[in-house]
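See below for the structure under consideration.
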Amino acid sequence: MKKFKFTIQGNKYDVNIVNVEDNIAEIEVNGATYKVELDKVISQSKTPKLIRSVAVPSTDIAPSQQKTSAPTSPKGAGFVKSPLPGVILNIHVKEGDQIKVGAKLITLEAMKMENNINADKDGVIKAIRVKVGDSVLEGDVLVEIGE
């Protein structure tokens with residue numbers, strides 16, 4: 001909080017006021033900590049003391065599990081979903097196209113910005129669920145990728 005240097009009868013003291021609550025002050029004098037009772041209550045500063053709860057990562061509550069496809073489902077099949085609400089500006093692939101990871105599939109306009117939606121796996125375009133000009137919400141399926 002505040003630091004002071006005192007000289008009393010030739011002796012030098014470095015004093016830090018660590019914390020003040022009600023009329024009890026926690027001070028540190030030359031490295032030793034003391035609790036001092038004050039005669040009058042010191043008014044708190046206008047800035048409130050922030051007390052934060054301990055943040056626990058979500059992975060500690062629900063441990064991640066490896067996700068696998070069902071033995072009967074085609075391998076590599078999946079859906080590309082809209083990451084945010086917007087309007088479809090352009091579709092860069094057609095059904096039956098062979099694609100690689102990172103291939104540009106769709107251009108989505110969201111919040112006056114163009115966002116490229118890329119493939120997250122290799123495969124073949126099985127179905128395109130949207131058309132140019134469609135409005136989509138976050139999580140809507142845009143493209144189905146299979147083998």
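A few points about this structure:
- Residue 74 being in contact with a strand residue (DSSP E or B) (Cβ under 8 Å, 6 or more places away or on another chain), modelled with pLDDT under 85 and not in a strand (DSSP E or B): yes
- Output for region 5-29, where each listed residue is charged (D, E, K, R) and modelled with pLDDT of 85 or more: 5, 12, 14, 26, 28
- Hits in region 123-140 - residues which are surrounded by 14 or more Cβ atoms within 10 Å (Cβ to Cβ) and either under 28 Å from the mean Cα position of the chain (by Cα) or in contact (Cβ under 8 Å) with a residue 60 or more places away in the chain (or both): 136, 140
- Options 49, 104, 67: the member that is of a type outside the set (A, V, I, L, M), under 24 Å from residue 137 (Cβ atoms) and at pLDDT below 90: 67
- Criterion: of a type outside the set (Ser, Thr, Tyr), modelled with pLDDT under 90 and closer than 30 Å to residue 20 by Cβ - qualifying residue of 39, 122, 60: 39
The values are calculated or read from the model by the stated rules, or taken from the named source; none is laboratory data. Given the structure is predicted, the values throughout are model-derived calculations rather than measurements. Please note: Cβ atoms are built from the backbone with ideal geometry, for glycine as well, and neighbour counts cover all protein chains shown.
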